[in-house]
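As structure tokens, the structure follows; a few thoughts come after it.
The values are calculated or read from the model by the stated rules, or taken from the named source; none is laboratory data. Source: prediction; values computed, not measured. Cβ coordinates were reconstructed from backbone atoms using ideal geometry, including for glycine residues, and neighbour counts include every protein chain displayed. The area values use the complete protein model at the heavy-atom level, side chains included, leaving out ligands, DNA and RNA. Shrake-Rupley method; radii C 1.70, N 1.55, O 1.52, S 1.80 Å.
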Amino acid sequence: PGRTRRSRPVLRAGLLCLLCAGLGVMAVPAVSGWTTPPTYSRSSAERVLREARSAGAARWAAPVLSEAERTLREAEVELRRQQLRLPPFRDYREAQSRFRDAESAAARAAESARRVRGEAFGTSAAAVDLAGCVVARTDELNRRFRLGSGVDELMRASKLRLNEARFLLSADEPGLARLRADEALARTRLARERMRGVLERFVDAESVRRWRQEQAETIAQSKRTGGAAIVVNKDRSVLDLYVAGRRVRRFGVEIGRNQLARKLTVGDNATPEGRYRVTRTREGGATRYYKALDLDYPNAEDRGRLRSAVEQRRLPASATSGSLIEIHGDGGRGWDWTDGCVALENGDMDELFAHAASGTPVAIIGSAGDGGRFSALARVLEDEEIEHECGG
């Protein structure tokens, strides 16, 4: 009994030591913060994830956003797992680490979304600006030179695509906006190809050679006879008056509304090309346009071209060449407006009228190969200068 009484204090001391040691072990996590729920890290990760979604990460940085969402779910699972344990045995370190990883991934998703979206909008905006400039410049040339219904249709389609591109860009659809801008540019390029086709004859070597020959023959006739001769150059919008083979005056002129074409049939509003002669002079009440020199259009070549077009079924059998092509007054309007005639200002017409008479030779040519508005435009379109000027 004496020995038992002496061992009890030792036992109690041992139990007390064990208790203290256990309490110390349990106190370590609490003191170190392992058992404190990661409330701030959780809310911070959720906030940054919302910002990433608001920045459009689901669209512009989907892989990084998916990583953030997956990591957040894993953190939530770990958080719930620890919450099911007894408080002294909870350890939130892993959950907190995953919340921080989720926040970091969400921040990367937001940054990536802003960057990718910005690049997409920048590229699309540049494409829309380029298309807008090229379409506007090409359309202005088409309206000025009236390059044909096929070009008109393509330009209408180009402008429609361009308007769609601008709307899509404002509607946060840069990818579709760029697609529509590229379509507008492609149709405008096709329109320019057709424009070049219409203008090509003004820079075609064989055509220019033939026109220069017609001009030279007309001038030579003036030199032989000592009389007057007239050369109309469509490309330069001028009429040159020759006397005895020497040019004495140059006048500005306006031609048919269908300025680029060579007259083929009645109503095409084009000025004919070829060698003609004055058949009569008219003034006063005999003409609507101050004074006029009637030409012998259509000549044999004009009638032959019409027959060929009818035989090839490019024109109906009922088509006619038309007539009453004149060099007349009431010009000076600043644009090509006639039905196919050549118009001068009345003062210039007075001077021309003083030299011309029935039988005066006239050559109407497309170009002499020495420059002019149509040949210059043909070269601009060939070199794609429009796109270079627009920054393409």
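Miscellaneous remarks
- Net lengthening on full extension, ALA58/ARG210 (0.36 nm per residue, minus Cα-Cα): 48.0 nm
- Between helix 93-145 and the chain: long-axis angle, C-alpha atoms, 0 to 90°, nearest 10: 0
- In percent, rounded to a whole number, the relative contact order of segment 60-168 is 29, using alpha-carbon pairs under 8 Å and six or more apart.
- Per-residue ³J(HN,Hα) for segment 197-211, Karplus 6.51 cos²θ - 1.76 cosθ + 1.60, θ = phi - 60°, Hz, x for Gly and Pro: x, 5, 8, 4, 5, 6, 10, 5, 4, 5, 5, 5, 4, 5, 5
- With contacts taken as Cα pairs under 8 Å and at least 6 residues apart, segment 288-392 reaches a relative contact order of 24 percent.
- Loop-located chymotrypsin sites (Phe, Trp or Tyr not before Pro) in segment 71-108, at most 11 other Cβ atoms within 10 Å (DSSP): none
- Value of [θ]222 nm, deg cm²/dmol, for the chain, DSSP H segments ≥ 4, -39500 (n - 2.57) each, nearest 500: -20500 deg cm²/dmol
- For segment 112-248, alpha-carbon Rg over 2.2 N^0.38 Å: 1.69
- Using the Karplus relation 6.51 cos²θ - 1.76 cosθ + 1.60 with θ = phi - 60°, the per-residue 3J(HN,Hα) values for segment 160-166 come to 5, 4, 5, 4, 4, 4, 5 Hz, with x marking Gly and Pro.
- Computed from Cα positions, the angle between helix 39-54 and the longest principal axis of the chain comes to roughly 10 degrees.
- Residue-level accessible surface for LYS223, protein heavy atoms, 1.4 Å, Å²: 150
- Magnitude of the charge dipole, segment 147-295, Cβ model with Lys/Arg +1 and Asp/Glu -1, debye to 20: 800
- Remark: the GLU311-ALA357 segment gains 12.9 nm on full extension, using 0.36 nm per residue and subtracting the alpha carbon distance.
- q = 0.11 Å⁻¹: log10 I(q)/I(0) that the Debye formula gives for the chain, counting C-alpha atoms only: -0.89
- Protein heavy-atom accessible surface, 1.4 Å probe, per residue over the chain: 53 Å².
- Restricting attention to the chain, close to 80% of DSSP beta bridges with both partner residues there are antiparallel.
- Using a probe radius of 1.4 angstrom, the carbon and sulfur fraction of the accessible surface of segment 239-351 is 45%.
- With all protein chains in place and ligands, DNA and RNA left out, the 1.4 Å accessible area ranks ARG114, ARG192, ARG247 as ARG114, ARG247, ARG192, largest first.
- Annotation: extensible slack from SER149 through GLU173 equals 5.4 nm (criterion: 0.36 nm per residue apart, minus Cα-Cα distance).
- FRET efficiency estimate (nearest 0.05) - Cβ-Cβ, GLU119 to ALA186, R0 30 angstrom: 0.85
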